[in-house]
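**Q** Sharing a structure below in structure tokens format, with a few things to ask.
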Amino acid sequence: MRVIYLMGLLYLAAMLLLWAGRLGRLSRRTAAVLSVFCLLAGSGALAAAVFPKGNSYGPTVTRLADLPSGDRTVKITDKAMLQRHIALTFDDGPYPPYTDRLLDVLKDKQAHVTFFVVASQAQRYPELVRRMLAEGHTVGLHAFRHRDFLKLTAEEKEKDLALGKKALKDITGKEPEFWRPPHGFRDPSVMQAAAAHGLCVVNWSAIPRDWTGIDKQEIYNRVMDKAEEGAIVLLHDGDSPFYRASRQATVDAVSPVIDSLREKGYHLVSLEEYRAKRAESSGR
Ligand SMILES: [Zn+2]
């Protein structure tokens, strides 16, 4: 049950108990004690809904250091090799012409990123997904259809992930390994669905909110503000679910962002590239 419904039920129960006390169905004292108990429990449920504990649902990658090492057991022996890395990630594509333009910029800068694609969009523009891979980017799954997974039944979650994985495998020849839930929303059942599909859940450490209509300068400022060792930055090349908004500001911000990050000594990496580098630096 969603914890917010539980809160509603407990508050309602408190009201009913007080009412029963007034009508004399319960002693006033019992009614008061029970309703205070319900109010406290309801407030606990409210607090749990408003302040969900970060990773209490299970392992979620929000920084590069959290990435599991795939099929290898990696011990990092050369930490210097792993310093100053940042991963830019782009959600909700592919979405022409912005994804094409973004890929052009990345190619020009020889920088690798990670795309979390909407698989139903990928089916419409498979050539863009193949281009991402051919140019060295990591392709992760965002969803088959971009929906709030917290509102889906277990069966719907399972079906969406299965469809999404299959769609990407049909296009690229390989199953996605990384998954970013739509809006980053997680709960125990979302994590369970991911685990059942062997997907590594990846959210972010920096969220410049590039979808809110801010201009390229503001996007640049926000990314640079949040730039730090191991950061995973959430940006958007798509506009799910309607695909109406322009993503030009994001595309335009990426080139100066890459230049400035490099000036500060950062390496731009895709998730797979970072992991490969880490494995290499451990001498395996
Ligand atoms: Zn999204």
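The values are calculated or read from the model by the stated rules, or taken from the named source; none is laboratory data. Owing to the predicted nature of the structure, the values given are computational and were not obtained by experimental measurement. Neighbour counts run over all protein chains shown; Cβ positions are idealised from the backbone, glycine included. For accessibility, only protein heavy atoms count, side chains too; no ligands or nucleic acids. Shrake-Rupley method; radii C 1.70, N 1.55, O 1.52, S 1.80 Å.
**Q** Please label the shape of the stretch 103-153 as rounded, prolate or oblate, based on the square roots a ≥ b ≥ c of the eigenvalues of the alpha-carbon gyration tensor (a/c under 1.5 means rounded; beyond that, a/b larger than b/c means prolate, else oblate).
**A** prolate
**Q** Hey, another quick one. For THR114, THR212, what's the largest-to-smallest order of accessible area, 1.4 Å probe?
**A** If we order THR114, THR212 from most to least accessible, we get THR212, THR114.
**Q** Now for a separate question. Mind listing which trypsin sites (Lys or Arg not before Pro) in the stretch 220-254 are in a DSSP loop and have 15 or fewer other Cβ atoms within 10 Å?
**A** Passing sites in the stretch 220-254 are ARG244.
**Q** Can you give the convex hull volume per residue for the Cα atoms of the chain, as a whole number of Å³?
**A** It is 163 Å³ per residue.
**Q** Next question, about the same structure. How much length is gained if the chain between MET224 and LYS174 is pulled fully straight, taking 0.36 nm per residue apart and subtracting their Cα-Cα distance, in nm to one decimal?
**A** 14.6 nm
**Q** When only C-alpha pairs under 8 Å and at least 6 residues apart count, what is the relative contact order of the stretch 64-281, in percent?
**A** Rounded, it is 33 percent for the stretch 64-281.
**Q** Further question: Place a point 7 Å from Cα of GLN217 in the direction of its Cβ. Which residues in the stretch 242-277 have their backbone N less than 16 Å from it?
**A** 249-250, 252-254, 256-257
**Q** Related question: Say the dipole of the chain comes from +1 at the beta carbon of Lys and Arg and -1 at that of Asp and Glu; which of LEU39, LEU235, VAL251 then lies farthest toward its positive end?
**A** Comparing the listed Cα positions along the dipole, LEU39 ranks first.
**Q** Let me know the charge dipole size of the stretch 64-281 about its Cα centre in debye, to the nearest 20, where only the beta-carbon of Lys, Arg (+1) and Asp, Glu (-1) is charged.
**A** Roughly 260 debye for the stretch 64-281.
**Q** If you don't mind, another one. How much FRET efficiency would the formula 1/(1 + (r/R0)^6) give for ASP259 and GLU280, where r is the Cβ-Cβ distance and R0 is 35 Å, rounded to 0.05?
**A** Once the sixth-power term is evaluated, E becomes 0.85.
**Q** Sum -39500 (n - 2.57) across every DSSP H segment of at least 4 residues in the chain, then divide by the residue count to get the 222 nm mean residue ellipticity, nearest 500.
**A** -15500 deg cm²/dmol
**Q** Taking all protein chains as present, what is the carbon and sulfur share of the accessible area of the chain, in % to the nearest whole number, probe 1.4 Å?
**A** 55
**Q** Compute the distribution of all C-alpha to C-alpha distances in the stretch 3-50, in bins of 5 Å from 0, and list the percent of pairs in each, rounded to whole numbers.
**A** Distribution as computed: 5, 29, 26, 18, 12, 7, 3, 0 percent.
**Q** Let a ≥ b ≥ c be the square roots of the eigenvalues of the Cα gyration tensor of the stretch 166-284; is it rounded (a/c under 1.5), or, if not, prolate (a/b larger than b/c) or oblate?
**A** Since a/c reaches 1.5 but b/c is at least a/b, the shape of the stretch 166-284 is classed as oblate.
**Q** Using only Cα atoms, find the angle between the long axis of helix 98-109 and the longest principal axis of the chain, and express it within 0 to 90 degrees, rounded to the nearest 10.
**A** 50
**Q** Based on the Cβ-Cβ distance from ALA196 to ALA245, what FRET efficiency comes out when R0 is 25 Å, to the nearest 0.05?
**A** Rounded to the nearest 0.05, the efficiency is 0.15.
**Q** Next up: Might you tell me the accessible area per residue for the stretch 64-281, computed with a 1.4 Å probe and given in Å²?
**A** The answer is 45 Å² per residue.
**Q** List the relative contact order of the stretch 130-259 as a percent without decimals, with contacts defined as Cα pairs under 8 Å and 6+ residues apart.
**A** It rounds to 21 percent for the stretch 130-259.
**Q** Just flag the trypsin sites (Lys or Arg not before Pro) in the stretch 108-198 sitting in loop per DSSP whose Cβ has no more than 14 other Cβ atoms within 10 Å.
**A** The qualifying sites are LYS174.
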